[in-house]
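> Here's a structure for you.
The values are calculated or read from the model by the stated rules, or taken from the named source; none is laboratory data. These figures come from a predicted structure and were not determined experimentally. All Cβ positions, even for glycine, are placed from backbone atoms using ideal geometry, and neighbour counts span all protein chains on display. Note: accessible area is taken over every heavy atom of the protein model, side chains too, but ligands, DNA and RNA are not part of it. Shrake-Rupley method; radii C 1.70, N 1.55, O 1.52, S 1.80 Å.
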Amino acid sequence: TAYEMLRTLGGCSADELETIFKEWNKGALDSFLIEITGKILGQKDNIAKNNKSMVEVILDQSGSKGTGMWTMEEAARRGVPAPTIAAALEARYLSALKKDRVSASQVLAGVHP
């Protein structure tokens, strides 16, 4: 995604990304998703009063209630492809492995700004 590329490869802060998305929304990329992305990136942590962007303090880990798995099981039973739900479910499972992702990041080389 543009956010991930600008954040990881470009080394942009959330504040810089907020400005970028708001500028994009003034031009050819004017859309609801670009608009709300800029607004989200501009949200600050009002609870801790640390002036950090919320996207920097929210833990990148999700839980699961099982509804995605049930949906995939039902899709398989009915012979209906559901690749988008499968991809979302896979991302959720990977997200839940926060400790493993942190450990792997210490060993594996990746892209660094």
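> I'm told Lys22 meets every condition in (1) within 27 Å of Arg101 (Cβ to Cβ); (2) open to solvent by 60 Å² or more (accessible area, probe 1.4 Å) except one. Can you identify the failing condition by its number?
Failed condition: (1).
> Shifting gears a bit: Between a first residue in segment 78-100 that is within 14 Å of Leu59 (Cα to Cα) and a second residue that is part of a helix (DSSP H, G or I) and open to solvent by less than 90 Å² (accessible area, probe 1.4 Å), which pairs have beta carbons less than 7 Å apart while being 6 or more apart in sequence or on different chains?
If the second residue must be part of a helix (DSSP H, G or I) and open to solvent by less than 90 Å² (accessible area, probe 1.4 Å), the pairs left are Arg92/Gly68.
> Quick check on segment 29-40. Is at least one of its residues in a loop (DSSP other than H, G, I, E, B) and open to solvent by 80 Å² or more (accessible area, probe 1.4 Å)?
Yes; the residues of segment 29-40 include at least one that is in a loop (DSSP other than H, G, I, E, B) and open to solvent by 80 Å² or more (accessible area, probe 1.4 Å).
> Name the single residue that is farthest from Met5 (Cα to Cα) among those in segment 82-113 being open to solvent by 70 Å² or more (accessible area, probe 1.4 Å) and assigned to a loop (DSSP other than H, G, I, E, B).
Applying the filter and picking the extreme gives Leu97.
> Across segment 44-56, which residue is farthest from Glu16 (Cα to Cα) among those that are open to solvent by less than 100 Å² (accessible area, probe 1.4 Å) and either modelled with pLDDT of 85 or more or in contact with a Cys (Cβ under 8 Å, 6 or more places away or on another chain) (or both)?
Among those residues, the one meeting the criterion is Asp45.
> Give just the number: which of (1) polar (S, T, N, Q); (2) open to solvent by 70 Å² or more (accessible area, probe 1.4 Å); (3) farther than 19 Å from Thr1 by Cβ does Thr71 not satisfy?
(2)
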